[in-house]
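The values are calculated or read from the model by the stated rules, or taken from the named source; none is laboratory data. The structure displayed is predicted, hence computed values, not measured ones. Positions of Cβ are backbone-derived with ideal geometry, glycine not excepted, and every protein chain shown enters the neighbour counts.
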Amino acid sequence: MTARESFPRLLLAEWTKLRSVRRWVVTLLAAAALTVGLSYLAASSSRTNINEHAAFVSGPHGDPVADDFYFVHQPVTGDTTLTVRVASLEPEPFGRDVDPELDRMTRLDDPSPFARPAAGIMLKDGTRPGSSYASLMLTAGQGVHLQWDFDADSRGSASSGARWLRLVRSGATITGYESADGTAWRKVGTATPKNLPSTVEVGFYVSSPAAVYTSRGGGSSSVGERPTSARAAFDNVRLSSEGTWHGETIGRGDRLGEKGGVRAGGRVTEAGGGYTVVGTGTVGPRPPDDDMVEIALVGVIAGLMALIAIGVLSATSEYRRGMIRTTFAATPRRGRVLAAKAIVLGATSFLVGLVGAVGSFALAVPALRERGFTTPAFPRPSLTDPPVLRALLLTAAFLAGVAVVGLAIGVLLRHTAAAITITVLLVLGPLIVGMILPGTSPRWLMYTTLAGGMATQRAKPPTVTLAEPWALIGPWAGIGAVAAWVALTLGLAWWQLRRRDA
Amino acid sequence: MEPTIEVRALRKRYRTAVAVDGLSFTVRAGEVTGFVGPNGAGKSTTMRLVLGLDTPDEGVALVNGRPYRSLRTPLTQVGALLDASALHPGRRARDHLLWLAHSNGIGRRRVAEVLDQVGLASAARRRTGGFSLGMRQRLGIAAALLGDPPVLMFDEPVNGLDPDGIVWIRGLMRSLAAEGRAVLVSSHLMSELEDTADHLVAVGRGRLIADTSVAALLAAASKDRVEVTTTQRAEATTVLANGGATVTVAGPDTVVVDGLAGDRVAALLTGAAVPFSELRRHRASLEEAYMDLTRGAIEFAPEAGAPATEGSVR
């Protein structure tokens with residue numbers, strides 16, 4: 001008889017075991033169906049009116065953006081050059097409408113270069129909020145930046161004092177220069193806004209993003225904003241053409257007016273050839289904290305439970321009836337058996353998870369779009385967007401990882417009910433505790449437990465403004481925590497298998 | 001090399017109880033070796049140690065000269081039936097054998113062959129949850145035969161088989177041995193091994209009691225005994241016991257006489273006018289022979305259940 005042992009054949013043996021128990025096949029299919037079904041049901045019963053009450057506008061690429069600032073401008077046709085000196089940039093006192101101390105909220109420190117008070121010069125495709133632009137600015141604390149179309153940023157010097165700025169339009173490209181003295185110029189970068197008609201609005205501006213305060217914990221989260229204002233002095237304003245400057249608030253400068261009796265917006269005053277401008281608002285990306293991909297994948301938790309059961313059973317069902325002896329008599333090298341089981345279970349769970357995640361996305365997204373999740377706040381997510389693709393693939397990997405942890409715990413405990421309970425608790429326990437713990441304190445819990453794997457469902461960057469604790473960490477950190485648990489539990493299982501009698 | 005199972009000074013202790021205590025024996029090729037002893041004597045433990053499933057505290061178990069755990073395709077070296085119920089009830093008989101075949105790189109054609117060989121061809125596509133114990137035994141035997149191994153071990157294979165099945169398995173074991181394979185069959189009932197085993201390894205409380213050929217054992221046990229059939233059993237017993245014999249009742253009108261030659265028995269009974277219809281040389285059953293052999297070991301050993309009742313005494 002020709003018999004040859006090889007690892008691929010061992011994989012085939014374990015696959016034969018998995019596929020030949022009808023109940024398991026049904027459970028695997030049910031895992032995918034449950035995921036899709038629950039996701040669709042949840043999407044069908046959710047609703048948002050975010051576009052009705054918040055200041056979202058669509059940017060040139062269709063993404064939600066904020067476009068609020070005070071602009072002193074005039075129309076210019078064709079190529080042009082604007083030079084100014086920003087003599088100073090200071091915060092302007094502003095009436096308060098939120099008392100963070102009283103509300104037990106903490107200020108959100110946003111390191112983004114779009115989240116700084118700024119004074120600078122701009123070329124913009126008209127004054128409609130959300131239209132294309134390129135701007136060169138001095139920011140408070142982050143030096144000089146060249147930005148365009150709400151998401152592109154190129155960094156200049158780290159200078160914080162008075163600064164000379166110059167924008168040169170040549171056809172479709174805009175080049176930014178900066179200088180300390182108005183004679184020695186240094187190039188900051190080149191901007192290529194998407195829409196740049198021959199006539200654009202050119203001028204100088206001031207923006208000052210609202211301070212964001214958040215509070216999360218006890219199962220909920222809240223976000224408050226306090227508008228801020230900045231004052232800048234401009235002099236040596238030189239434009240290559242003649243015209244009249246016109247000051248104007250761009251965007252919904254009064255959006256917070258009702259709450260605190262504040263009129264945001266701004267003003268300009270001229271004195272001795274120089275201009276003092278007061279402005280408020282943000283020019284930059286403004287994604288809502290909610291993540292449509294994550295919302296579309298709500299059903300993953302149901303699929304997870306089914307896959308945990310399969311993972312645990314693939315180990316404990318062998319112990320329950322003594323079949324593990326047949327297995328180890330056939331393959332005395334137990335580590336290889338464990339590896340083969342883990343690979344077969346992991347690959348199968350990954351595929352089931354991927355079907356569930358893609359199916360959820362395909363069904364839940366259209367349902368969500370009928371229920372308020374539309375532009376400008378929520379552009380239509382596409383399967384081919386890298387963050388969406390990443391979320392779907394990593395979610396499948398998360399499901400596979402937890403199933404393998406279930407297998408390892410099944411090997412360790414040799415008892416179905418106990419192993420399922422413990423594996424479920426390893427996921428849900430930290431989630432519940434993390435929901436209740438306040439502020440960013442659950443972050444360490446997410447970095448170190450299986451619950452962190454839930455972060456794989458997010459297509460957006462981490463945020464502290466949501467109740468779900470896994471939003472505190474990024475998807476790669478989440479899958480890293482899951483991988484660590486897989487390695488730890490498989491290692492323990494392997495050690496036990498070698499040590500114990502079968 | 002000749003196919004063998006070799007056990008040397010094997011010792012295995014579980015928590016409080018010693019299951020196997022310095023056991024040594026060899027299972028030779030071309031023979032059916034019976035592995036007998038009461039329940040709890042350490043037979044199954046020994047088999048698990050041979051298969052590398054449990055680790056011995058001392059001693060070694062070798063299969064064809066090598067430790068089992070060093071074998072790469074063990075199913076082609078040793079076929080074993082340990083526990084016929086070690087099956088997933090939701091799996092078809094054919095799939096159970098198929099994964100085993102894959103794990104050792106055995107072709108899938110062999111699955112159909114062994115199913116046919118054990119008479120389960122028609123049940124190949126049925127899920128084992130619906131199998132009778134006898135069918136599960138047959139499937140376990142099919143699994144043991146899968147790799148066409150030169151060494152076979154069966155733990156209590158007759159359990160649950162119907163009379164046809166018992167005849168079949170005896171024939172199977174005889175033919176496996178006749179093909180030159182080494183066959184080890186355990187049983188707690190000697191009668192099951194009658195007419196099957198060539199050699200006997202008897203164990204009690206984990207220790208070796210006897211390692212002997214069946215023919216020699218039977219000859220020794222039958223020696224000098226006479227069986228008498230009489231309608232007056234009580235009188236016959238008295239007369240023969242007075243004559244210096246040990247008399248054992250063997251039936252409603254049968255006694256077995258030990259210690260007196262046949263003609264002397266006839267003379268005594270005739271002299272005392274006790275009628276008897278038959279007087280013949282006693283042929284011991286394997287059962288009897290075994291009881292003689294193990295009398296010493298069993299007397300102090302109410303094996304089954306003893307460790308379980310110890311708890312309250314401690």
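The figures follow:
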| read-out | value |
| --- | --- |
| Qualifying positions in the range A:331-345 - touching a residue at least 12 places away in the same chain (Cβ under 8 Å) and at the interface with chain B (Cβ under 8 Å from one of its Cβ atoms) | A:Thr331 |
| Residue within the range B:23-41 that is on the phi < 0 side of the Ramachandran plot, facing chain A (nearest Cβ under 7 Å) and not in a loop (DSSP other than H, G, I, E, B) present | no |
| Filter result for A:Ser45 (within 27 Å of A:Ala467 (Cα to Cα) and either in contact with an Asp or Glu (Cβ under 8 Å, 6 or more places away or on another chain) or at pLDDT 85 or above (or both)) | yes |
| Flag for B:Gly59 being part of a strand (DSSP E or B), in contact with a Gly (Cβ under 8 Å, 6 or more places away or on another chain) and of a type outside the set (Lys, Arg) | yes |
| Selection status of A:Ser45, without any contact (Cβ under 8 Å) to a residue 12 or more places away in the chain and surrounded by fewer than 20 Cβ atoms within 10 Å (Cβ to Cβ) | yes |
| Subset tally (residues that are among the hydrophobic types (A, V, I, L, M, F, W, C) and at pLDDT below 95) for the range A:169-179 | 1 |
| Any chance A:Val312 is away from chain B (no Cβ under 14 Å), in a helix (DSSP H, G or I) and crowded, with 17+ Cβ neighbours inside 10 Å | yes |
| So B:Leu53, is it free of Cβ contacts under 8 Å to residues at least 60 places away in the same chain, out of contact with any Ser or Thr (no Cβ under 6 Å at 6 or more places or on another chain), among the aliphatic types (A, V, I, L, M) and within 14 Å of another protein chain (Cβ to nearest Cβ) | yes |
| Any hit, the range A:350-369, residues being touching a residue at least 60 places away in the same chain (Cβ under 8 Å), farther than 24 Å from A:Leu426 by Cβ, within 14 Å of chain B (Cβ to nearest Cβ) and assigned to a helix (DSSP H, G or I) | no |
| Leading residue by the ranking (nearest to B:Leu268 (Cα to Cα)) among those in the range B:213-236 that are crowded, with 16+ Cβ neighbours inside 10 Å and within 24 Å of the chain's Cα centre (by Cα) | B:Ala221 |
| Every pair of residues 6+ apart whose Cβ atoms lie under 7 Å, when the first sits in the range B:65-91 and is within 7 Å of chain A (Cβ to nearest Cβ) while the second is surrounded by 16 or more Cβ atoms within 10 Å (Cβ to Cβ) and of a type in the set (Phe, Trp, Tyr) | B:Pro74/B:Tyr68 |
| B:Leu120, sole failed condition from (1) buried (at least 16 other Cβ atoms within 10 Å of the Cβ); (2) of a type in the set (A, V, I, L, M, F, W, C); (3) without any contact (Cβ under 8 Å) to a residue 24 or more places away in the chain | (3) |
| Some residue of the range A:425-433 being touching a Gly at 6+ places or on another chain (Cβ under 7 Å) and crowded, with 18+ Cβ neighbours inside 10 Å | no |
| Matching option when the condition is within 19 Å of the chain's Cα centre (by Cα) and small (Gly, Ala, Ser), among A:Ala403, A:Ala397, A:Ala418 | A:Ala397 |
| Subset of the range B:94-106 that is more than 7 Å from chain A (Cβ to nearest Cβ) and over 13 Å from B:Thr73 (Cα atoms) - its residue that is surrounded by the fewest Cβ atoms within 10 Å (Cβ to Cβ) | B:Arg94 |
| Single match in A:Pro376, A:Pro381 (criterion: closer than 17 Å to A:Ser360 by Cβ and at pLDDT below 95) | A:Pro381 |
| Residue within the range B:32-46 that is under 17 Å from the mean Cα position of the chain (by Cα), within 30 Å of A:Ser20 (Cα to Cα) and assigned by TED's automatic domain parsing to the domain that holds B:Asp155 present | yes |
| Top-ranked residue of the range A:4-20 - restricted to ones that are surrounded by fewer than 20 Cβ atoms within 10 Å (Cβ to Cβ) and small (Gly, Ala, Ser), ranked as nearest to A:Leu351 (Cα to Cα) | A:Ser20 |
| Tally of residues being of a type in the set (Lys, Arg) and not in a strand (DSSP E or B) across the range B:219-239 | 2 |
| Candidates B:Ala177, B:Ala241, B:Ala202 - the one that is buried (at least 16 other Cβ atoms within 10 Å of the Cβ), modelled with pLDDT of 85 or more, farther than 29 Å from B:Gly119 by Cα and touching a strand residue (DSSP E or B) at 6+ places or on another chain (Cβ under 9 Å) | B:Ala202 |
| The range B:107-117, subset touching a residue at least 12 places away in the same chain (Cβ under 8 Å) and of a type outside the set (S, T, N, Q), residue nearest to the other protein chains (Cβ to nearest Cβ) | B:Arg110 |
| Checklist (1) more than 30 Å from B:His102 (Cβ to Cβ); (2) within 11 Å of another protein chain (Cβ to nearest Cβ) applied to A:His61, failing item | (2) |
| Condition check for A:Ala162: modelled with pLDDT of 95 or more and surrounded by 14 or more Cβ atoms within 10 Å (Cβ to Cβ) | no |
| Unique match (being touching a Lys or Arg at 6+ places or on another chain (Cβ under 7 Å) and assigned by TED's automatic domain parsing to the domain that holds B:Gly40) among B:Ala143, B:Ala80, B:Ala121, B:Ala84 | B:Ala84 |
